[in-house]
Amino acid sequence: MARSPQKYRVKEVFYDGVVHVIFFDGAHCLYNYWELRTGCTCAKCVHEVTGEKLLDDQTVPLDIRPVASEYVGNYGLRIDWSDGHGTGIYNFQQLRDQFPHKTQSVD
């Protein structure tokens, strides 16, 4: 099955207690800050070779929040977190298909 280009293209990202990602196909996905931060797959958080999780979730504050972010090409989002972490890239396809999220209709 061919991948729909619109399904993974992002129209807007904003923050108001959760991360909102609005895709061009109309999907509006909401992501919990703590779940995103503890789900980071960068080399500091997950072993590059074995895939073993290196990040101890208990070290991430429950009140974690983004302090800055930037798009990485057309495929992902890099977030600077309030705990000082900022090397992870959240791939839009993975966010849409694999990360736990809630959906909201776009009015």
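The values are calculated or read from the model by the stated rules, or taken from the named source; none is laboratory data. The shown structure was predicted, so the numbers you read here are calculated from the model rather than taken from an experiment. Quick reminder, even Gly has a Cβ in these numbers, built from the backbone with ideal geometry, and neighbours come from all protein chains shown.
Being of a type in the set (Ser, Thr, Tyr), at pLDDT 95 or above and farther than 20 Å from His101 by Cβ: is that true of Thr59 here?
Numbers: of a type in the set (Ser, Thr, Tyr): yes; at pLDDT 95 or above: yes; farther than 20 Å from His101 by Cβ: yes.
It is true that Thr59 is of a type in the set (Ser, Thr, Tyr), at pLDDT 95 or above and farther than 20 Å from His101 by Cβ.
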Show me the strands (runs of 3 or more DSSP E) entirely contained within the range 26-89 in which 3 or more residues are in contact with a helix residue (DSSP H, G or I) (Cβ under 9 Å, 6 or more places away or on another chain), exposed (fewer than 11 other Cβ atoms within 10 Å of the Cβ) and among the hydroxyl-bearing types (Ser, Thr, Tyr). none
Verdict on Tyr8 being surrounded by 16 or more Cβ atoms within 10 Å (Cβ to Cβ), modelled with pLDDT of 95 or more, within 21 Å of Thr103 (Cβ to Cβ) and not charged (D, E, K, R): no
Among the numbered criteria (1) under 18 Å from Cys42 (Cβ atoms); (2) not in a helix (DSSP H, G or I), which one does Pro100 miss? (1)
Do the conditions hold for Leu95, that is, is it modelled with pLDDT under 95, under 10 Å from the mean Cα position of the chain (by Cα) and within 20 Å of Gly26 (Cβ to Cβ)? yes
